[in-house]
Amino acid sequence: MDAETHSHCKYYNIKNDFSVADLAAFHGHLGPYIVLGYRIGKYVRSNFCGDPFRMKARVHCAGTPPQSCLADGVQLGSGCTLGKRNIEIVPSETVACVFEAEGRKITVIPRPFPLPKQDMDYEASIEAVAEEMYCQRDDELFDLSSS
């Protein structure tokens, strides 16, 4: 599948910029891992492979929330989805997102970020961290390696 083959389709491979409110509406709340996954996916789609039908994503993480929330963001940012079967969560002690397309591979490794202390306003504090991350530069959020 490619854009030329589907040039007559007005809804094929649409790109979208999702706001923090959009991310929260999809995910159920706003947290740093969905924001991080979204930003990673968006970067990869813009700089590695623009067609989510030609790309595969593997999200390496603990396999449980909150780290697995990366996968929700990666879906929105990259266009790789569970329905297309081109994204998977790989249980791992290290966090990384690996994308493959047309014989190429890029690995995105999130940079550490501060989490607030557990207190009465924890959810509001988590939202504040996520909102700040949404506005940060890519190089502040993650590192890249490709092959």
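Bear in mind that the values in this text are calculations on the coordinates, not laboratory data. What you see is a predicted model; the values in this text were computed from it and never measured. Here Cβ is always computed from backbone atoms with ideal geometry, including for glycine, and neighbour counts include all displayed protein chains.
For first residues located in the stretch 24-40 and in contact (Cβ under 8 Å) with a residue 24 or more places away in the chain and closer than 20 Å to C97 by Cβ, partners that are assigned to a helix (DSSP H, G or I) and among the charged types (D, E, K, R) and lie 6+ apart or on another chain with Cβ distances below 6 Å form the pairs H27/D72; L30/E127; I34/D72.
Take the residues in the stretch 64-97 that are of a type in the set (V, I, T) and touching a His at 6+ places or on another chain (Cβ under 7 Å); name whichever of them is farthest from H27 (Cα to Cα). It would help to see each step written out before you state the result.
Our first condition is that a residue be of a type in the set (V, I, T); within the stretch 64-97, this holds for 64, 74, 81, 87, 89-90, 94-95.
Of the ones still in play, those that are also touching a His at 6+ places or on another chain (Cβ under 7 Å) are 90, 94-95.
Values: V90: 20, T94: 23, V95: 20 Å.
Only one residue fits best here, namely T94.
Annotation: S7 fulfils all but one of (1) in contact with a Lys or Arg (Cβ under 6 Å, 6 or more places away or on another chain); (2) without any contact (Cβ under 8 Å) to a residue 24 or more places away in the chain; the unmet one is (1).
Here the stretch 46-97 is the region considered, the condition is being of a type in the set (G, A, S) and in contact with an Asp or Glu (Cβ under 9 Å, 6 or more places away or on another chain), and the residue that is surrounded by the fewest Cβ atoms within 10 Å (Cβ to Cβ) is A62. When restricted to residues that are over 18 Å from Y11 (Cβ atoms) and of a type in the set (S, T, N, Q), the stretch 49-85 contains 3. The number of residues in the stretch 100-135 that are surrounded by fewer than 15 Cβ atoms within 10 Å (Cβ to Cβ) and without any contact (Cβ under 8 Å) to a residue 12 or more places away in the chain comes to 11.
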